[in-house]
Amino acid sequence: MFNWLRRRRLSAAAQKKLMILHARAEEAVITTHVSNILELLETLEDEVDLERGLEIYMEMMSLDDATATTVTTRLLAQLEGPGPENARYRNVFRG
């Protein structure tokens, strides 16, 4: 992914800043995907369950496996986390 860094002569400080910016951008993308899935689940609340909602979103967005796994993990962790905005899905996996 960072092959172009090897071709360019950047200082260590510049490389570090670039990698931090890249990480922050990826985190923002993941956070946006999670927000979008939560909105999709809220919109389709009576039509689809969590698993089907995830399938629909992953197909629509054509996410690669690594990103899909990260988004799913973050979503599931957030659904069980504190906060009234997640109350509807809080016990989704409890029998």
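In this simple spin-label approximation, Asp49 and Arg24 carry label points 7 Å from Cα along the Cα→Cβ vector, and these lie 4.1 nm apart.
Here the residues Asp49, Asp65, ranked from fewest to most Cβ neighbours within 10 Å of their Cβ, fall in the order Asp65, Asp49. A DSSP coil position with no more than 16 other Cβ atoms inside 10 Å describes the following GluC sites (Glu not before Pro) in segment 21-65: Glu45, Glu47. Per residue, the Cα convex hull of segment 17-80 amounts to 81 Å³.
The numbers here are math on the coordinates, done by the rules we state, and not lab data. For clarity, every value in this text was computed on a predicted model and none was experimentally measured. For neighbour counting, all protein chains shown are included, and Cβ atoms are generated from backbone atoms with ideal geometry for every residue, glycine included.
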